[in-house]
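Below is one structure; the comments refer to it alone.
The values are calculated or read from the model by the stated rules, or taken from the named source; none is laboratory data. What you see is a predicted model; the values in this text were computed from it and never measured. Positions of Cβ are generated from backbone atoms using ideal geometry, with glycine treated the same way; all protein chains shown enter the neighbour counts.
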Amino acid sequence: MSDAAFALAAVAVPFAGAALVALAGERRRDLREAATFASAVMLFFLVVALGPQVLSGGRPAVPLFDMVPGVALALQVEPLGWLFAAVASSLWVVSSAYSIGYMRANGEGRQTRFYACFAGAIGAAIGIAFSANLVTLFFFYELLTLVTYPLVTHHGTDEARRAGRVYLGILLATSILFLLPAIVVTWILTGTTDFRPGGILGGRIDAATAGVLLALFMFGIGKAALMPFHRWLPAAMVAPTPVSALLHAVAVVKAGVFCVIKVIVYVFGIDTLASLGGSAPFTAIAAFTLVAASVVALRADNLKRRLAYSTVSQLAYVSLACSLFTPAAIMGATLHLVAHAFGKITLFFAAGSIYTAAHKTEVSQLDGIGRAMPWTMAAFGVGALSMIGLPPMAGFVSKWYILSGAMAARDWVVVAALAASTLLNAAYFLPIVYRAFFVAPAPGDSGGHEAPAPMVLAQVATAGACVAIFLFPGLAIAFAKAVAGG
Amino acid sequence: MLAEHFPALLVVTPLVAAPLIVVVRSARAGWAMALAACLAAVLMAAQLLARVAASGPVSYAIGSWPPPWGIEYRVDAASALVALLVSAIGTASVVYARRSAAAEIGGERLYLFYALMMLCLAGLLGMVVTGDAFNLFVFLEISSLSTYVLVALGRDRRALTASFQYLILGTVGATFYVMGVGILYLATGTLNLADLAVRLPQAADPRAATVAIAFITAGLGLKLAMFPLHAWLPGAYAHAPSAVSAFLAGTATKVAIYALARIWFSVYGADALLRDIPVAPVLAALSVAAAFIASGAAIVQDDLKRMLAYSSVGQVGYITLGLSLATEPGVAAAIAHVVNHGVTKSALFMLAGAMALRLGGTRFSDLAGVGRTMPVITFAFVIGGLSLIGVPGTAGFVTKWALAGAAIRAGQPVFAAVVLLSSLLAVAYIWRFVECAYFREPPAGAPAPGEAPASMTGTALALTAAVVAMGLHGAPVLGAAGRAAAALMGGAR
């Protein structure tokens, strides 16, 4: 099979998996779960198989249909897309195990729809990762919004329905009102929507237009959750925890920041942006989101809400790094996409384990829970340290590059924002770990037990990955270098 | 050779089928004859479209009287495309009607339904192929009169008032049109569209041309449900039999739009319109109002078919907005939306009809929990709804893309903003259905889970699949629409 066929298969496998899940149905649930697993593993191997070729400069391309004259629905694998696909596909394998444990232990309904939409969401994420042009990207971007809507509203309650409205309303409105016009304008200016190294807008755009276009792209990519378009993310937390874990820590939000990096690097080109200047407002918005979301997280007692705002803040790291327009910062942004994915999924897995085993959702209820759930809380601790950016965790690697990019650019506001948010991260994560291990349980709250084995294994695996990325960062750095053009 | 007579046979075939069906007086045979006539029309329209693309416009002199003295039928890239759309939707509607119309009309009148469908189809196809302004009026009346009766066949008595309202307003529209044509005839002494295009600039009094286009635009505006002349449409679409709603939604307003574009651009010409006559800005303003007000009204309807009808008025606003740009990309986007929205809306009315058949109605209270009782139909409806919003991967996106691009290229980015902003209203009305279908419990006494008859479900799903196919592979429709726009704007010759 050629590499192009691998790329096509990688997008097709999750959708085929979704179809198999739907066919198996509720009555043959073991078969259904096997279908999920099989497609996750198959996708992972397909993506891995593409890796060496992409790293050595190959760009497997698959044109599919002429969507509008001159713009094809087309796939192309480049280093950034491969990295995102590798993260999403490897974590799909882990989270499938976790989901099966969680959904069965909590007796959730509509599981067939859940697994089918989940697979569809991964397919859309891979489609985003491998998009060859802005229109294909937009197609999969909207598909991801729509296919995750049933997951967000999974419980079917009034609360879920309201959250679904916020989720869909913000994501569709930003994409239709800002992202689509940005794509149309790009197409009119350049006659193409292809992603090309060095960008396509160079020499075709003046500083003022570039500023407007950049704003349209940044706010149009609502999945990157830049304030004030971040509210869909905490709203989506009404979903079952595996959804929050994979989709709202990995696939959906990472699709957002992935699109940001992709647009900056392959549509504008960092050299073009650096020469045009005018990044200050964008940097300011990202820095504000970074700090403000951390402050909200500090005050949130609900654990998932705290994690959600932590995500908003961590996504802003990526946007902030992108706004520096330097290769080192782009490397940092790329690495942060990877590092945050593994760290945040560990935290969400732990939150779901706590809910499943102890039925607790608030931070204030977690006193002494580390005694009953040592593995879960240890994994949580690892994830938290990675969020703060301490060695020996993955978060340190990416923050190092972002910080060195900011220092090289002598942008002291960014350095200050990074420092402030590191402190705030420590302030809202460490007390949780402290409570769990060093505060005595509330009276009458003794006993308890660990979550089911698949869930524990999943979170230990992702926590291990956080450490592994710190110890062996070579592969991720090689891809990030290829993205930044180093 | 037979193919030479296709421009005439396209109209004559359904026109002859209608009285034959009445003579045979059998619903079953009537259905078969209607289907055969429709299929023949599809094949002829497809052949004409291919021929026109290969070797330019086809002119056909009725009775061998050469134009401009005799009546000329004239098929170019624009008319062939619209003829193909009309006959294809007609075919789908007839297939769909076999079970749907049997259930809603039933009994002894059923064969008349098929006869009227054929008359209506003949009228619409005649409007498309004719090259004569007065002949166009005749076909307009044939299609309109048969439509009034078709609407009145609806299942309850409200269909009668809806039909009567349509009759009054439709007649006013036709009268305005024919008055405009009369003024043109007085000013130029010709009725042939191509001849008009030549003689109109030489007319003694240029005010005649201005008055005539005002009459014609208002008259056809009524037929195409241009805001605020749309009052007849929601009632007619909501209360007509489902197969009729599906047929009309994809064809009737679309053909009137074609006729308006033909007279605007082939007879008057974009230059004259933009330079001398302030009709384009008026149409643009009305289109913007339609996109917001009619789409907004769609959100608050209690009945799904009525919601779709208001949505149609809003979507027609996009089409007329494209025309009002009076540029080739704008007209191309408008023609593409004629096709894409025609297929989408027909599919949606068919799906709504399938729900009506099983649930006894299309009020939102009837539709609670329909996602569980009719999962396939409901899911298809959501896909069709996404096309109304313009989500990529559906036909609606392709035209939204073209329209936004055309507006920006024409130096009117505000209109691009209008298109995008108003599509959020479509999100609101489609999501009202989604929440009703998936979040509410089916009412007590709701039928057991199950889909509509296979012929209805199959036709509706085929059209829904076409919506997706035209969305993923939109270049053919946009390409054909681009050639159609070039044909319209290149004058009638």
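Hey, among B:334, B:437, which residue is away from chain A (no Cβ under 11 Å), within 23 Å of the chain's Cα centre (by Cα) and either of a type outside the set (Phe, Trp, Tyr) or assigned to a helix (DSSP H, G or I) (or both)?
Exactly one of B:334, B:437 is away from chain A (no Cβ under 11 Å), within 23 Å of the chain's Cα centre (by Cα) and either of a type outside the set (Phe, Trp, Tyr) or assigned to a helix (DSSP H, G or I) (or both), namely B:334.
Being facing chain B (nearest Cβ under 9 Å), of a type in the set (Ser, Thr, Tyr) and within 22 Å of the chain's Cα centre (by Cα) is true for just one of A:153, A:174. Which residue is that? Talk me through it step by step, then tell me what you get.
Details: A:174 fails: facing chain B (nearest Cβ under 9 Å).
Of the residues listed, the single one that is facing chain B (nearest Cβ under 9 Å), of a type in the set (Ser, Thr, Tyr) and within 22 Å of the chain's Cα centre (by Cα) is A:153.
In region A:387-404, is there at least one residue being under 25 Å from residue A:457 (Cβ atoms), buried (at least 17 other Cβ atoms within 10 Å of the Cβ) and over 22 Å from the mean Cα position of the chain (by Cα)?
For region A:387-404, residues under 25 Å from residue A:457 (Cβ atoms), buried (at least 17 other Cβ atoms within 10 Å of the Cβ) and over 22 Å from the mean Cα position of the chain (by Cα): absent.
If you go through region A:87-110, how many residues are among the small types (Gly, Ala, Ser) and either within 13 Å of another protein chain (Cβ to nearest Cβ) or out of contact with any helix residue (DSSP H, G or I) (no Cβ under 7 Å at 6 or more places or on another chain) (or both)?
2
Run down A:143, A:64, A:137, A:75 and say which single residue is outside any helix (DSSP H, G or I) and within 11 Å of another protein chain (Cβ to nearest Cβ).
Unique residue meeting the criteria: A:64.
Scan region A:323-354 for residues that are closer than 23 Å to residue A:479 by Cβ, within 16 Å of the chain's Cα centre (by Cα) and hydrophobic (A, V, I, L, M, F, W, C) and jot them down.
Answer for region A:323-354, where residues must be closer than 23 Å to residue A:479 by Cβ, within 16 Å of the chain's Cα centre (by Cα) and hydrophobic (A, V, I, L, M, F, W, C): A:333, A:335, A:337, A:338, A:339, A:341, A:342, A:345.
Just one of A:177, A:189, A:171 is buried (at least 22 other Cβ atoms within 10 Å of the Cβ) and at pLDDT 90 or above; which is it?
That would be A:171, the only listed residue that is buried (at least 22 other Cβ atoms within 10 Å of the Cβ) and at pLDDT 90 or above.
Residue by residue, here is whether (1) modelled with pLDDT of 90 or more; (2) closer than 28 Å to residue B:363 by Cα; (3) within 11 Å of chain A (Cβ to nearest Cβ) holds:
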site: B:402; (1), (2), (3): yes, no, yes
site: B:424; (1), (2), (3): yes, yes, yes
site: B:432; (1), (2), (3): yes, yes, yes
site: B:444; (1), (2), (3): no, yes, no
site: B:453; (1), (2), (3): no, yes, no
site: B:461; (1), (2), (3): yes, yes, no
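Any chance region B:360-379 includes a residue that's under 21 Å from residue B:469 (Cβ atoms), away from chain A (no Cβ under 14 Å) and part of a helix (DSSP H, G or I)?
yes
Just to verify a result, which residue in region B:406-417, among those that are buried (at least 22 other Cβ atoms within 10 Å of the Cβ) and out of contact with any Ser or Thr (no Cβ under 7 Å at 6 or more places or on another chain), is farthest from the other protein chains (Cβ to nearest Cβ)?
Among them, the one singled out is B:415.
Of the residues in region A:185-199, how many are in contact with a Ser or Thr (Cβ under 7 Å, 6 or more places away or on another chain) and either within 10 Å of chain B (Cβ to nearest Cβ) or more than 21 Å from residue B:402 (Cα to Cα) (or both)?
Residues meeting the conditions: 2.
Quick check on this structure: which one of A:182, A:160 is assigned to a helix (DSSP H, G or I), more than 20 Å from the chain's Cα centre (by Cα) and more than 9 Å from chain B (Cβ to nearest Cβ)?
Every option except A:182 fails the conditions.
Could you please find all residues in region A:258-289 being touching a helix residue (DSSP H, G or I) at 6+ places or on another chain (Cβ under 6 Å) and farther than 25 Å from residue A:129 by Cβ?
Those that are touching a helix residue (DSSP H, G or I) at 6+ places or on another chain (Cβ under 6 Å) and farther than 25 Å from residue A:129 by Cβ: A:276, A:278, A:287.
Rundown of residues vs (1) closer than 30 Å to residue B:330 by Cβ; (2) part of a helix (DSSP H, G or I); (3) touching a Leu at 6+ places or on another chain (Cβ under 9 Å), yes/no style:
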position	(1), (2), (3)
B:441	no, no, no
B:448	no, no, no
B:456	no, yes, yes
B:469	yes, yes, no
B:476	yes, yes, no
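Table: residues versus (1) free of Cβ contacts under 8 Å to residues at least 24 places away in the same chain; (2) part of a helix (DSSP H, G or I); (3) surrounded by fewer than 17 Cβ atoms within 10 Å (Cβ to Cβ).
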| residue | (1), (2), (3) |
| --- | --- |
| B:175 | no, yes, yes |
| B:180 | no, yes, no |
| B:183 | no, yes, no |
| B:190 | no, no, no |
| B:197 | no, yes, no |
| B:213 | no, yes, no |
| B:217 | no, yes, no |
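Go through B:357, B:386, B:420 for me and flag whichever is in contact with a helix residue (DSSP H, G or I) (Cβ under 8 Å, 6 or more places away or on another chain), away from chain A (no Cβ under 14 Å) and in contact (Cβ under 8 Å) with a residue 12 or more places away in the chain.
Only one candidate passes the filter, namely B:357.
Which residues, taken from region B:151-168, are outside any loop (DSSP other than H, G, I, E, B) and closer than 16 Å to residue B:104 by Cα?
The answer is B:151, B:152, B:158, B:159, B:160.
Answer with yes or no whether residue B:480 is farther than 29 Å from residue B:366 by Cβ, in contact with an Asp or Glu (Cβ under 7 Å, 6 or more places away or on another chain) and more than 9 Å from chain A (Cβ to nearest Cβ).
No.
Kindly list the number of the only condition in (1) within 14 Å of another protein chain (Cβ to nearest Cβ); (2) in a helix (DSSP H, G or I); (3) crowded, with 24+ Cβ neighbours inside 10 Å that fails for residue B:391.
It fails just one condition, (2).
Checking the condition within 14 Å of chain B (Cβ to nearest Cβ), crowded, with 17+ Cβ neighbours inside 10 Å and in a helix (DSSP H, G or I), which residue from A:84, A:44, A:15 passes?
On the way: A:84 fails: within 14 Å of chain B (Cβ to nearest Cβ); A:44 fails: within 14 Å of chain B (Cβ to nearest Cβ).
From the options A:84, A:44, A:15, the qualifying one is A:15.
Determine, yes or no, whether residue B:451 is in contact with a helix residue (DSSP H, G or I) (Cβ under 6 Å, 6 or more places away or on another chain), surrounded by fewer than 21 Cβ atoms within 10 Å (Cβ to Cβ) and acidic (Asp, Glu).
Judged against the criteria, residue B:451 is a match.
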